[in-house]
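For reference, the structure is listed below as structure tokens.
The values are calculated or read from the model by the stated rules, or taken from the named source; none is laboratory data. Just so you know, these numbers come straight off a predicted model, no measurement behind them. Here the Cβ positions follow ideal geometry from the backbone for every residue, glycine too, while neighbour counts run over all protein chains shown. Areas reflect the complete protein model, heavy atoms only, side chains present, ligands, DNA and RNA absent. Shrake-Rupley method; radii C 1.70, N 1.55, O 1.52, S 1.80 Å.
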There are 2 protein chains.
Amino acid sequence: MRFSTFFAPTLKETPKDVVLKSHEYLLRAGYIQQLGSGIYSFLPLGKRVLTRISQIVREEMNRIHAQEVMLGFVTPSELWEKSNRLHKYGKELLRFKDRKNAEFVLGPTHEEAAVEMIKGYIKSHKQLPIHIYQIHLKFRDEMRPRSGLMRGREFIMKDAYSFHKNKADLVREFQVMEQCYQRIFNRLGLDFRIVKADSGSIGGTGSKEFMVVAESGEDTLAICQECTYAANLEAATRTAKQPQTRPPQATFAKFNTPNTTSIKSLCAFFHVEPYWTMKAVVKKILKQGKSELAYFFIRGNDTLENIKAQNVTGADEIIDASKEEIEAVGLHIGYIGPIALRNITQSQQIYFDEELRDGGNLICGANEEGYHFVGVNLAEFEGLVYADLISIQEGDICPECKRGTLIHKKGIEVGHIFQLGTRYSEPLNASFLDENAQSCFFEMGCYGIGISRLLSASVEQNHDQKGIIWTSSISPFSLTLILSNSKDSLQQQEAEKIYNSLQEMGIEVLFDDRNERFGSKMADFELMGIPFALIIGKGTPNGLCEIIQRKTQERCEIQLSEACAYVQKLIHHCSVNLSTD
Amino acid sequence: MRFSTFFAPTLKETPKDVVLKSHEYLLRAGYIQQLGSGIYSFLPLGKRVLTRISQIVREEMNRIHAQEVMLGFVTPSELWEKSNRLHKYGKELLRFKDRKNAEFVLGPTHEEAAVEMIKGYIKSHKQLPIHIYQIHLKFRDEMRPRSGLMRGREFIMKDAYSFHKNKADLVREFQVMEQCYQRIFNRLGLDFRIVKADSGSIGGTGSKEFMVVAESGEDTLAICQECTYAANLEAATRTAKQPQTRPPQATFAKFNTPNTTSIKSLCAFFHVEPYWTMKAVVKKILKQGKSELAYFFIRGNDTLENIKAQNVTGADEIIDASKEEIEAVGLHIGYIGPIALRNITQSQQIYFDEELRDGGNLICGANEEGYHFVGVNLAEFEGLVYADLISIQEGDICPECKRGTLIHKKGIEVGHIFQLGTRYSEPLNASFLDENAQSCFFEMGCYGIGISRLLSASVEQNHDQKGIIWTSSISPFSLTLILSNSKDSLQQQEAEKIYNSLQEMGIEVLFDDRNERFGSKMADFELMGIPFALIIGKGTPNGLCEIIQRKTQERCEIQLSEACAYVQKLIHHCSVNLSTD
């Protein structure tokens, strides 16, 4: 491709209201253009990257015998009504009426359409398993579209749906998909982690997310420094924390403890470490339009993880309770404890962290201003509800290897695999006959990859102050051939010769033959992020040219006569390193 | 691909409400599934054909240096407001509001978004021409979606937009595209015609349509039997008709002509051929919400072409005028003529066919019941408006070679190329600086191919009573390998061996290894339309197998040991024949 006729406009200025580097560089280097809020058009460079990513995903999906289909993008609302998602999905589901007043949605995900495709045709267990996928448009009416392709409204996804005769076969396919996704992200050349995750509005159990590690990521991951354990913060666990000191020996008693409304002042008062105290966190939960207070007890050295708290209550939303709301039910901030709490508040929403299970020698509020209990032993209480409630901190011990310490990293979600079970097949009445001629609902899995988001995620992970650095498997071109001075006829002649040779060798090369200053060509090369540049410049009369590696900025002078062979070896080397075959 | 695990369900019964064979076969053979009115999902077979068609289109578009992009599908209404199409496009344009009450459309075509992509970046004539294209989703809210993919609401199109510094360069690209489209439809293996066409709601001048010839086509074409001339009926012309007899010599006079309200009775009365009479056709036209009568004069041997009549009046709609409406303005059916017509009706909508220009010796109504004029000479009248108004009949003489006779054929529109000029660049204010630093609007072309419709069009042209017959370039597989009896271990062993060899040779083969009767495997082969079947059956012990060509039903026995080489030759032969390289 000759740059002089290639539509790849670059911008010198940073566009307004741009925070992320990926957003800035993809706009400035001419990969994408904003058409509306959260809606982007892809210029030729952007489309080339999309195509390369899609092709890798397609090859790996085909390898595990998934079959490519294309589901209707516009979907009748009726189907979403049946699956009980029409209202539940909220305002991100864009709904509209056609000229005949029939209601449709712009598909943000396609479980319903996938079930429809299968249910009419597959009647017997002998036809299972089936795994279909598509690489296609999605629309999600985000409240606050931002960061370019990272959180757009219109986007490209690979979504896949598998259908199984039983749970065991679904679990087998889920593991196949985990490996498939590993191959995909390895081939894309990205540093990623597989994390245990929360299933969110899709439903089902046992979901895992694929996270591209990047400082700007919106998600926080807990990662073990010794083993492969990694989890989203809302799903992370740890080996139970051990106390630093021996337990404070005391029989059950009430103490007057003035001015000890914080864990710190309480610990100072009793000369104990926070481990031996029990903290109450009060939240307001919203559930089916109603709100009420909920009470969470954790050790004094821990922090409540909101998503875990929300999940255990089944609430739609969870927010902090105000001082007034807490006092209105007869409680005193700083002195809240579990004893008699149900009597005082009439609440059914009282939870204890797993690490408090049957814990003894505890200090907690007495539900009386200025008083705490000591010597509390939870094993003596009946009917307490325990759940994992705590936020994992850096330095906590890995729950799997039980040796390594956990650290936090930021990540960008680029893939998510789910075991859906019968979440969709049941309401959509999609069944088959099993070995005993019994009608059963399909066990389903679903598996997504954010194809367009991967452009942003890749740039977030791989860039510098000058621009993008593509990994070689998704770069729009393998090489930029830069003609340093387009008015120098010897340089031009050599550059044309090499361009033709490289094309004949099947190498995707962008030939910068523009009548521009060398500096501006180099700036565009650095902004665009193609892995290598071959420069035909001042060395030409001496039979020399120069290779630059974008990532390391390393330069190396080589013989003109050996340039093509050298480039071929470089590119071959990169692709061999990245292939997992 | 093994059929036993391939998701390609076939149906025995014809689905209800299906008229076209392409609709029936694509549903029954498991290519497509209806998801909603005019909305289809593509099963693996259908997706494979889509991919093959898209790939041929992509290769040919790239060859002429068009650059692939992807434009936002959901488009802000604001852009359509600016181009003045938001209301003009009518109800086929699906409009909706997002959660913030901003209005959008589902793009039925993307001129606006394409202009937006170019206008921000291209400032100088030196950067022109530019040609961008995409293969992507479209939505058109058809009043009456029907015939499967033929007239759906959601569909896949290749749409391309070119930008030029002047008209001459646009005309050059238009010709390049005509050739490009010829290569595409040749490679697809379709019998097609290029026809002069009406530009419709897209606007612009000089448009051509690409029509796949098929009996079920909705469009009628006039085609020359001698040269390459072809035109849509609404754009077709002819060499002016010549009279069979000498003109009736008469001086201008009024005759009492009772009971001559038809051309036939009038000709009998005066003993002349219809050529020498002038027929009045009265229509009601609707324009910007108002209706009025319009008068069209053509020779008695001709028929009015409605679209031509509508175009000349600039009406939004044209319908027949009733007897009552005609009489209400003081006219008498069968006796309407041009003389004094404007005085009687006050109408500005009076038109004469081009073949009547300055015509003499004519007989026409006298606008008085029971009277006609003879010896009328139109050259004596001033200010008459002439236009091409007539419908081209079979037997008319070609306007280009002036020798061949025209015949009618039915066609399916699969491509349309337009010279848009500044129809969009002007209202969207998209300009560049020319050689003299003057600001000019881009001259634009646009070029569409109905990718998903091509599946239907191809099947309409190529099928028989048993099912589809794909051309080899778009068939989902090159070959079906049929294991006749899956319980015969020798047959199975040989079939597996051949399947592996064919795969190693890179041949796309569907291996029918199902545990089904041979007859049902053959029926599926015939329904699905893959060009060849290789049957491993009873001849196996004697080292023989059989090749069947789907189209001709020809069968040929060959040695098992030579089967793979034979198949390779067959497939290579087909692809060589179809390639235009």
Inset, instruction - Identify the single condition in (1) open to solvent by 40 Å² or more (accessible area, probe 1.4 Å); (2) assigned to a loop (DSSP other than H, G, I, E, B); (3) at pLDDT 95 or above that residue B:367 does not satisfy, given that it satisfies every other one. - result: (1)
Inset, instruction - Sort out for me the strands (runs of 3 or more DSSP E) sitting completely within the stretch A:411-460 that have 2 or more residues that are in contact with a Cys (Cβ under 8 Å, 6 or more places away or on another chain), in the same structural domain as residue A:27 (by TED's automatic domain parsing) and among the hydrophobic types (A, V, I, L, M, F, W, C). - result: A:431-433
Legend entry - Number of the exception - residue B:258 against (1) open to solvent by 50 Å² or more (accessible area, probe 1.4 Å); (2) within 23 Å of residue B:350 (Cβ to Cβ): (2)
Legend entry - Tabulated pairs, the stretch B:321-342, first free of Cβ contacts under 8 Å to residues at least 40 places away in the same chain, second surrounded by fewer than 16 Cβ atoms within 10 Å (Cβ to Cβ) and charged (D, E, K, R), C-beta under 6 angstrom, 6+ apart or interchain: B:332/B:369
Legend entry - Where residue A:123 falls short, out of the listed (1) more than 25 Å from residue A:63 (Cβ to Cβ); (2) within 18 Å of the chain's Cα centre (by Cα): (2)
Legend entry - Residue satisfying condition, being outside the structural domain of residue B:272 (by TED's automatic domain parsing), more than 24 Å from residue B:258 (Cα to Cα) and open to solvent by less than 20 Å² (accessible area, probe 1.4 Å), within set B:350, B:392: B:392
Inset, instruction - Kindly provide the set of residues from the stretch A:141-165 that are in contact with a Leu (Cβ under 9 Å, 6 or more places away or on another chain) and under 30 Å from residue A:431 (Cβ atoms), ordered by number. - result: A:157, A:159, A:161, A:162, A:163, A:164, A:165
Legend entry - Yes/no for residue B:52 being surrounded by 15 or more Cβ atoms within 10 Å (Cβ to Cβ), more than 10 Å from chain A (Cβ to nearest Cβ) and out of contact with any Cys (no Cβ under 7 Å at 6 or more places or on another chain): yes
Inset, instruction - Answer with yes or no whether residue B:25 is open to solvent by 20 Å² or more (accessible area, probe 1.4 Å) and aromatic (Phe, Trp, Tyr). - result: no
Inset, instruction - Please name all residue pairs, on different chains or six or more residues apart, with Cβ atoms under 6 Å, provided the first residue is in the stretch B:134-158 and is within 11 Å of chain A (Cβ to nearest Cβ) and within 17 Å of residue A:75 (Cβ to Cβ) and the second residue is open to solvent by less than 10 Å² (accessible area, probe 1.4 Å) and hydroxyl-bearing (Ser, Thr, Tyr). - result: B:155/B:452; B:156/B:452
Inset, instruction - Please indicate, with yes or no, whether at least one residue in the stretch B:370-381 is open to solvent by less than 20 Å² (accessible area, probe 1.4 Å) and more than 25 Å from residue B:248 (Cβ to Cβ). - result: no
Inset, instruction - Residue by residue through the stretch A:78-103, note down the ones that are under 21 Å from residue B:102 (Cα atoms), facing another protein chain (nearest Cβ under 10 Å) and over 28 Å from the mean Cα position of the chain (by Cα). - result: A:96, A:97, A:98, A:99, A:102
Inset, instruction - With the condition kept exactly as written, say whether any residue in the stretch A:220-233 is open to solvent by less than 50 Å² (accessible area, probe 1.4 Å), farther than 16 Å from residue A:411 by Cβ and in contact (Cβ under 8 Å) with a residue 60 or more places away in the chain. - result: yes
Legend entry - Close pairs from the stretch B:176-195: first at positive phi and in the same structural domain as residue B:162 (by TED's automatic domain parsing), partner surrounded by fewer than 21 Cβ atoms within 10 Å (Cβ to Cβ) and hydrophobic (A, V, I, L, M, F, W, C), Cβ under 8 Å, at least 6 apart: B:189/B:578
Legend entry - Only listed residue being closer than 23 Å to residue A:137 by Cα, polar (S, T, N, Q), in contact (Cβ under 8 Å) with a residue 24 or more places away in the chain and within 11 Å of chain B (Cβ to nearest Cβ), chosen from A:37, A:4, A:41, A:22: A:37
Inset, instruction - Identify, by number, the condition in (1) on the phi > 0 side of the Ramachandran plot; (2) without any contact (Cβ under 8 Å) to a residue 12 or more places away in the chain that residue B:126 doesn't meet. - result: (1)
Legend entry - Members of the stretch B:115-133 that are more than 9 Å from chain A (Cβ to nearest Cβ) and open to solvent by less than 10 Å² (accessible area, probe 1.4 Å): B:115, B:133
Legend entry - Total residues in the stretch B:25-34, condition under 20 Å from residue B:136 (Cα atoms) and more than 10 Å from chain A (Cβ to nearest Cβ): 1
Inset, instruction - Tell me, yes or no, whether the stretch B:173-182 has at least one residue that is under 17 Å from the mean Cα position of the chain (by Cα) and among the β-branched types (Val, Ile, Thr). - result: no
Inset, instruction - Out of A:311, A:306, A:343, report the one residue that is within 25 Å of residue A:197 (Cβ to Cβ), open to solvent by 70 Å² or more (accessible area, probe 1.4 Å) and not small (Gly, Ala, Ser). - result: A:311
Inset, instruction - Go through the stretch B:223-249 and give me each residue that's among the hydroxyl-bearing types (Ser, Thr, Tyr) and over 15 Å from residue B:405 (Cα atoms). - result: B:245
Inset, instruction - Tell me which residues, restricted to the stretch A:235-273, are touching a residue at least 24 places away in the same chain (Cβ under 8 Å), within 25 Å of residue A:305 (Cα to Cα) and not in a loop (DSSP other than H, G, I, E, B). - result: A:263, A:266, A:267
Legend entry - Residue within the stretch A:315-333 that is crowded, with 19+ Cβ neighbours inside 10 Å, at pLDDT below 95 and out of contact with any strand residue (DSSP E or B) (no Cβ under 6 Å at 6 or more places or on another chain) present: no
Inset, instruction - Within the stretch A:57-70, work out how many residues are open to solvent by 10 Å² or more (accessible area, probe 1.4 Å) and more than 7 Å from chain B (Cβ to nearest Cβ). - result: 5
